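Notes for the one structure printed next.
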Amino acid sequence: MNELVPIERIERKIHMIRGQKVMLDKDLSELYQVPTKVLNQAVKRNLERFPKDFMFQLNWAEAEHLRSQFVTLKNLGFDKRGHHLKFLPYAFTEQGVAMLSGLLNSPTAVKVNIAIMRTFVRLRQVLATNKDLTYLFKELRHQVNRHDAEIGVIIKTIEKMVEIEKKPKKRIGFLVDKKDGKQ
């Protein structure tokens, strides 16, 4: 199943737009091996299955931002000169991609959809691991800072003790004049 679509290939097609991980219609149609127009027509015939948190259309600024991140313009709906084409791409969230599985029933689409869902799960696991590591590093930094402060206090205390030892000590008691033997 992973031979059909390697997870790394799918990961490269997941973008962060509007704070969500999404896949573009053009990338999905390529993975599902159907024309983008066919995919979008199937979606438009079933719009009630795709609320805004499942799918949204990019605005020109978002499309331009994505275009600036890639060398190949034609893959994102732009011609070779960077001019906009007729349609803005649609972005599908993980739930939108899952909903597509009910619309596209070819054996290829089913296998690809399974691989895409596994990729999203893997990304969530990586993100969770990163959050755990970030928390651990913050805790470690806090402990190091606390230890630095405590070590600083110890060093200051030692420095004060050394300064006291350097000062000449006053004698305590009686002075005896050695010549007379008097006190």
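Has segment 44-55 got at least one residue that is in contact with a strand residue (DSSP E or B) (Cβ under 6 Å, 6 or more places away or on another chain) and at pLDDT 85 or above? The answer is yes; a qualifying residue exists. Among the residues making up segment 114-150, a single one is free of Cβ contacts under 8 Å to residues at least 60 places away in the same chain, closer than 30 Å to LEU39 by Cβ and of a type in the set (S, T, N, Q): GLN125. Within segment 166-181, the set of residues being at pLDDT below 70 and among the acidic types (Asp, Glu) comprises just one member, ASP180.
Within segment 75-105, the residues that satisfy the criterion of being over 16 Å from LYS13 (Cα atoms), modelled with pLDDT of 55 or more and in contact with a Gly (Cβ under 8 Å, 6 or more places away or on another chain) are LEU85, PHE87, LEU88. Here ILE116 meets each of (1) surrounded by 10 or more Cβ atoms within 10 Å (Cβ to Cβ); (2) modelled with pLDDT under 75 with one exception, condition (2). I'd like to know if segment 66-74 contains one or more residues that are touching a strand residue (DSSP E or B) at 6+ places or on another chain (Cβ under 9 Å) and either at pLDDT 80 or above or within 21 Å of LEU127 (Cβ to Cβ) (or both). Yes: one or more hits.
Is one or more of the residues making up segment 146-155 over 23 Å from VAL22 (Cβ atoms) and at pLDDT below 75?
The first filter runs over segment 146-155 and keeps only residues over 23 Å from VAL22 (Cβ atoms), leaving 146-155.
Among the residues that remain, those that are also at pLDDT below 75 are: none.
Checking segment 146-155: not a single residue is over 23 Å from VAL22 (Cβ atoms) and at pLDDT below 75.
If you go through segment 33-70 and keep only what is under 25 Å from the mean Cα position of the chain (by Cα), outside any helix (DSSP H, G or I) and without any contact (Cβ under 8 Å) to a residue 40 or more places away in the chain, you end up with LYS52, PHE56, GLN57, ASN59, PHE70.
No other residue among VAL112, VAL153, VAL176 is β-branched (Val, Ile, Thr) and outside any helix (DSSP H, G or I) apart from VAL176.
The values are calculated or read from the model by the stated rules, or taken from the named source; none is laboratory data. All of these numbers come straight from a predicted model, not from anything done at the bench. Note that each Cβ is placed from the backbone with ideal geometry, even for glycine, and that neighbours are counted across all protein chains shown.
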